[in-house]
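As structure tokens, the structure follows; a few thoughts come after it.
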Amino acid sequence: MTQDISLSGAVTGVGSWPGTDPREAATIVLGELGRLPHLVELPARGLGADMIGRASALLVDLQLDVSTTAYRVVQRRGSVAKRATDLLNQDLDALEEAWESAGLVGADHVVKVQSVGPLTLAAEVELGTGRRVLTDPGAVRDFAESLGEGLARHAAEVTRRLGAQVLVQFDEPRLPAVLAGTLSGRSRLETVRAMPEPEALAVLEAALAGCGAVTMVHCCSADLPTDLLRRSSARAVGLDVSQLASTDLDGIGELLDAGKELALGLVPTTAPTVPATWRDLARPAVTLIDRLGFARTTLRTQVAVTPACGLAGADASWSRDALKLCAEVSSAFTDDPESL
């Protein structure tokens, strides 16, 4: 059944959302994103609610707490992991309540959940020695497997509560830096090597396969590693269109040729100084497809529309407006892409 999940023609959020009220967020997201709503992250709540903190509620047999510099691997479950678990359960309760109120129980729907990807997680978390997990290949593999297993459990819980299929999004903003070897060490004596693409792909695949769901990988950074993502098992790739350079075009074309779906980040994450119309925001995607030589119907058959990245930095008004604009752009792509 999960093989029927497709992002084509859909509108969804990337992940984070402003504010601290999970019930309000769930109600808004379900109202604006009927076909592909997501379980939002509310990082304004502090430790345990941010992207890395939430992972501490998902990992299996690996514990995280905070040090003076970052999240760190610890031997016993600490207060931060407990808080992260409590916050995640609050978010699930809120979504379940909104789901029931919207009359969605029992229907054939899809919900997207997000998690930091294994490579970004390994780049951001410290070992007990203070070094990045990324410097220890064995630890990196352990994290990828633990994350995949944890997300399989998480997806099963979402399905149990909502009766919905689950799409799992892995957020990998640090992926280009991991491949390029541009991450600094935590001390002057530590170096962080560039990870070869085959090794990085194996790590990513361990998490993708481990979660047992249809997956997408989102990376809103520049230098998108399109060849690695093309060879991955992810159904879709999410990206910020404003980060693309001319050197990325061939790789984007190869993703589409390979049958990957693209979640194109087209709407700014904060309100622009000059108001933009849906047509203004759609133009970069239309130009991209034209430059690649694909038929504009590709915008209907292989493209979803999202904000450029998470909306945690937006105000309440723009977060709603951003989703409405995404929906308007997507409608144009679906209804008559040739006229754009």
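With the helix formula -39500 (n - 2.57) applied to DSSP H stretches of n ≥ 4, the chain reaches a computed 222 nm mean residue ellipticity of -13500 deg cm²/dmol. Highest average first, the peptides 36-46, 77-87, 317-327, 272-282 ordered by how many other beta carbon atoms sit within 10 Å of their residues are 36-46, 317-327, 77-87, 272-282.
By the combined test of axial Cα extent (at least 27 Å) and Kyte-Doolittle hydropathy (mean at least 1.0), none of the DSSP H helices of the chain qualifies. Peptide packing for 234-241, 17-24, 194-201 was compared via the average number of neighbouring C-beta atoms within 10 Å per residue; ordered from the highest value, the list is 234-241, 17-24, 194-201.
When only the Cβ of Lys, Arg, Asp and Glu is charged (+1, +1, -1, -1), the dipole of the stretch 124-258 relative to its Cα centre reaches about 440 debye. Taking a ≥ b ≥ c as the square roots of the Cα gyration tensor eigenvalues, the stretch 189-258 comes out oblate, since a/c reaches at least 1.5 and a/b does not exceed b/c. A dipole drawn for the stretch 130-191 from +1 and -1 charges on Cβ atoms has a positive end, and of Gly185, Ala155, Pro173 the residue lying farthest that way is Gly185.
Counting only Cβ charges, +1 for Lys and Arg and -1 for Asp and Glu, the dipole size of the chain around its Cα centre is about 600 debye. Listed by chain and number, the lysines whose C-alpha is less than 21 Å from the C-alpha of Lys112, apart from same-chain residues fewer than 8 away, are Lys260, Lys324. Using a 1.4 Å probe on the protein chains only, how many percent of the accessible area of the stretch 1-104 belongs to carbon and sulfur? Answer for the stretch 1-104 is 46 percent, counting heavy atoms of protein chains only. Solvent-accessible surface of the chain, taken per residue with a 1.4 Å probe and all protein chains present: 41 Å². Each of Met216, Ala245, Ala55 was scored by the projection of its Cα onto the charge dipole of the chain, and the greatest displacement toward the positive side belongs to Ala55; charges sit on the C-beta of Lys, Arg, Asp and Glu. Note on the chain: dipole from Cβ charges, positive end direction compared against Ser317, Leu229, Val74; the farthest Cα belongs to Val74.
The values are calculated or read from the model by the stated rules, or taken from the named source; none is laboratory data. As the structure is a prediction and not an experimental result, all values here were calculated from the model. All Cβ positions, glycine included, derive from the backbone under ideal geometry; neighbour counts span all protein chains shown. Just so you know, the surface numbers come from the protein's heavy atoms only, side chains and all, with ligands and any DNA or RNA stripped out. Shrake-Rupley method; radii C 1.70, N 1.55, O 1.52, S 1.80 Å.
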